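S.K.: Structure in structure tokens, see below.
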Amino acid sequence: MPLLPGAEPFRRDGGDVGVLVCHGFTGSPQSVRPWAEYLADRGLSVTVPLLPGHGTRWQDMQLTTWQDWYAEVDRELRALAGRCDRVVVCGLSMGGALALRLAARHGDAISGVAVVNPGNKVHDAAAPLLPVLRHLVRTTKGIASDIARPGGAEVGYDRVPLHAAHSLRRFFQLVDGELPRVTQPLLVMTSPQDHVVPPADSERILARVSSTDVRQVLLERSYHVATLDHDAERIFEETHAFVTRLTGGARPEAVQEGTAARGGA
């Protein structure tokens, strides 16, 4: 199937510090591309994979599971770590949960974690019925484009396939159990007004991780897809400062090369 416009994966090689950015459930790299481009423009090596089943049509996602989504970001992390001395992982929504699991499983290979409105639980009242309901109903209404900024739009599906939602719920339960294994410095950016993932998910993550270097930033003017919303620039700046503090940032020559290559990828 052809990709939706804007759903293409993103990659730009820069300096010896790498950043992996993970997009969310039913979304695409478009939702985090400005975040990735901001970091790449400052000389970092940045990659945003397209998760299996995403970026085309919801019927394709119906055939995938959390194992497929996690395997993709795990492969990208290993490839990025092979090119870079240090790596930071980032994510939006389910992408935040993917980043946290990478941190839990890869340990010292990851220098830090930065997440925006990370998911920890499927809160819909019908969630406990998903094991059965997914065999009776194929989809429910979509969750894309929860954005406060007028005209803001996310490239994502207008339907949520319930087989995938069931797998997402199981994945969140798995990650919740692994959160105590997360020890890396952690930046959590949370929208108090989020109509997809409640702030309680961020609070639970902060309460369960073992990280001692922790910072939370409240995104007061944005909804769920804050990377495309009023607080986007703050997210980009906070993330870059976080990466620079942990790794020293890109070398000056890498910044120049990254800026020159802005039109690439």
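The values are calculated or read from the model by the stated rules, or taken from the named source; none is laboratory data. Keep in mind that this is a model prediction, so the values were computed, not measured. Using ideal geometry, Cβ is built from the backbone for each residue, glycine included, and neighbour counts are taken over all protein chains shown. Heavy atoms of the whole protein, side chains included, go into the accessibility calculation; ligands, DNA and RNA do not. Shrake-Rupley method; radii C 1.70, N 1.55, O 1.52, S 1.80 Å.
S.K.: Go through segment 110-227 and tell me which strands (runs of 3 or more DSSP E), entirely inside it, have 2 or more residues that are of a type outside the set (D, E, K, R) and under 25 Å from residue 50 (Cβ atoms). Talk me through it step by step, then tell me what you get.
M.R.: Details: elements: 112-116, 139-141, 159-161, 186-190, 214-218.
Output list reads 112-116, 139-141, 159-161, 186-190.
S.K.: To continue, here is another question. Can you find a residue that is touching a helix residue (DSSP H, G or I) at 6+ places or on another chain (Cβ under 7 Å) and in a helix (DSSP H, G or I) anywhere in segment 46-63? Spell out the reasoning first.
M.R.: Of segment 46-63, the ones touching a helix residue (DSSP H, G or I) at 6+ places or on another chain (Cβ under 7 Å) are 46-54, 61-62.
Okay, now just the ones that are also in a helix (DSSP H, G or I), so 61.
Yes.
S.K.: Looking for something outside any helix (DSSP H, G or I), farther than 19 Å from residue 243 by Cβ, modelled with pLDDT of 95 or more and of a type outside the set (A, V, I, L, M, F, W, C) - is there at least one such residue anywhere in segment 85-99? Explain how you work it out, then say what you get.
M.R.: Start the filter on segment 85-99 by keeping residues that are outside any helix (DSSP H, G or I), which leaves 85-93.
This time we only want the ones that are farther than 19 Å from residue 243 by Cβ, so: 93.
Filter once more, so that each one left must be modelled with pLDDT of 95 or more: 93.
Remaining after also requiring of a type outside the set (A, V, I, L, M, F, W, C): 93.
Yes - at least one qualifying residue is present in segment 85-99.
S.K.: Out of (1) assigned to a helix (DSSP H, G or I); (2) closer than 17 Å to residue 87 by Cα, the odd one out for residue 67 is which?
M.R.: So residue 67 meets the others, but not (2).
One line per residue, one yes/no per condition, for (1) open to solvent by less than 10 Å² (accessible area, probe 1.4 Å); (2) within 15 Å of the chain's Cα centre (by Cα); (3) of a type in the set (S, T, N, Q):
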{"residue": "187", "(1), (2), (3)": "yes, yes, no"}
{"residue": "193", "(1), (2), (3)": "no, no, yes"}
{"residue": "201", "(1), (2), (3)": "yes, yes, no"}
{"residue": "204", "(1), (2), (3)": "no, no, no"}
{"residue": "215", "(1), (2), (3)": "no, no, no"}
{"residue": "221", "(1), (2), (3)": "no, no, no"}
{"residue": "240", "(1), (2), (3)": "no, no, no"}
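S.K.: Another one. So, in segment 1-14, of the ones that are surrounded by fewer than 24 Cβ atoms within 10 Å (Cβ to Cβ) and in contact with a Leu (Cβ under 8 Å, 6 or more places away or on another chain), which residue ends up nearest to residue 229 (Cα to Cα)?
M.R.: Our first condition is that a residue be surrounded by fewer than 24 Cβ atoms within 10 Å (Cβ to Cβ); within segment 1-14, this holds for 1-13.
Applying the additional criterion that residues be in contact with a Leu (Cβ under 8 Å, 6 or more places away or on another chain) yields 3, 7-9.
Working: 3: 23, 7: 18, 8: 20, 9: 21 Å.
Selected residue: 7.
S.K.: With open to solvent by 10 Å² or more (accessible area, probe 1.4 Å), within 12 Å of residue 19 (Cα to Cα) and of a type outside the set (Val, Ile, Thr) as the only criterion, which of 75, 57, 83 stands out? Steps first, answer last, please.
M.R.: Working: 75 fails: within 12 Å of residue 19 (Cα to Cα); 57 fails: within 12 Å of residue 19 (Cα to Cα).
So the residue among 75, 57, 83 that is open to solvent by 10 Å² or more (accessible area, probe 1.4 Å), within 12 Å of residue 19 (Cα to Cα) and of a type outside the set (Val, Ile, Thr) is 83.
S.K.: Check off (1) crowded, with 24+ Cβ neighbours inside 10 Å; (2) closer than 20 Å to residue 230 by Cα; (3) not β-branched (Val, Ile, Thr) for residue 34 and give me the number that stays unchecked.
M.R.: If we test residue 34 against (1) crowded, with 24+ Cβ neighbours inside 10 Å; (2) closer than 20 Å to residue 230 by Cα; (3) not β-branched (Val, Ile, Thr), just (1) comes out false.
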